[in-house]
1. Any chance you could check the Cα centroid distance between segment 1-39 and segment 139-179 for me, in angstrom?
2. Using the structure shown, select from K33/K89; K55/K98; K89/K155; K50/K78; K66/K99 the pairs with a Cα to Cα distance greater than 23 angstrom.
3. Report the local net charge at S25: Lys and Arg +1, Asp and Glu -1, summed over other residues whose C-beta lies under 13 Å from its C-beta.
4. Show me 49-59, 157-167, 92-102 ranked by packing, highest mean number of other Cβ atoms within 10 Å first.
5. Could you report the accessible area of T79 in Å², rounded to 10, computed with a 1.4 Å probe on the protein chains as they sit in the structure?
6. Summing Lys, Arg as +1 and Asp, Glu as -1, what charge do residues with Cβ under 14 Å from the Cβ of H67 carry, H67 excluded?
7. Which lysines, on any chain, are close to K211 with Cα under 27 Å apart, when same-chain ones fewer than 8 places away are left out?
8. Can you compute 3J(HN,Hα) from phi for each residue in segment 165-181, using the Karplus curve 6.51 cos²θ - 1.76 cosθ + 1.60 with θ = phi - 60°, rounded to whole Hz and x for Gly and Pro?
Amino acid sequence: MSLSAISEELGEIDGQISDIFRALSNGFQKLEKIKDSTRQSRQLEELTDKMRECKRLIKEFDREVKHLEGRNDPNTNKTMSERKQSMIKELNSYVALKKQYATNLENKRVDLFEEPGEGIGEQNVLLASTMTNEQLMDRGNRMMDETDQAIDRGKKIVQETIGVGTETAAALKAQTEQMSRIVNELDSINFSLKKATKLVKEIGRQVATDKCIMALLFLIVLGVIAIIIVKIVNPNNKDIRNIPGLAPPAQSRRLLSYPY
């Protein structure tokens, strides 16, 4: 029996829920092909929004079923109840799948250990066939809350990672600028050293020239002194010219005697 034949509102809600389930199926298939963690996180957020909308529609479906329960025969009520359980079971399967992806994404970002009781193995999951409608709803709500918390932790980790990356980039930029200043200072020091070396060489050449001049003057003075000494000792030596400015040696004089 079609739900639209029972109630147009039930048929409309059922159609919306079916559309969301198809979108969730396609979304998780797309998620398997995504390798980038940031894109995976955004995809999980979109799927989470669709699951919230589906959860809201299932609640509306349940309220409408309870509203029509007194007017319908037992078989119709059983059909609507089975449809509701099928919706809850399918939603819980997507919630569990999303939780698995969120946990894997979180483990990629940080090295965290799962707390006891957080596993998603079959041994810790109650079979939907053995649970009542209220238990299924509570189970789905808990899984949605846990998944939302995992997504929030993933967002926080992403923000922290972005902050660390920003700080690292700023530090690298500051270090690069500091290295550039150091290189410029080294170039300036190297230029100053070259200039100082050239100046020292010029001073060395000037000192060497001054030493040569001083040695030549010293030899000239020694020569003049030697000539003066020789001239004084042997004034009659014709081989040595008179030194300008030096008086010639005095001639010996004889006294004249007169007879008495």
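The values are calculated or read from the model by the stated rules, or taken from the named source; none is laboratory data. This structure is a prediction, so every number in the text was calculated from the model and none was measured. Note that each Cβ is placed from the backbone with ideal geometry, even for glycine, and that neighbours are counted across all protein chains shown. Ligands, DNA and RNA are stripped out before the accessible areas are found, and what is left, the full protein with its side chains, is counted by its heavy atoms. Shrake-Rupley method; radii C 1.70, N 1.55, O 1.52, S 1.80 Å.
1. Here the answer is 31 Å between Cα centres.
2. K33/K89; K89/K155; K50/K78; K66/K99
3. Net charge in that neighbourhood comes out at +1.
4. 92-102, 49-59, 157-167
5. Looks like 60 Å² after rounding.
6. Around H67, the surrounding residues sum to -1.
7. Within the straight-line limit of under 27 Å, K211 reaches these lysines: K194, K195, K198, K201.
8. Once rounded to whole Hz, the list reads x, 5, 4, 5, 5, 5, 5, 5, 5, 5, 5, 5, 5, 5, 4, 5, 5.
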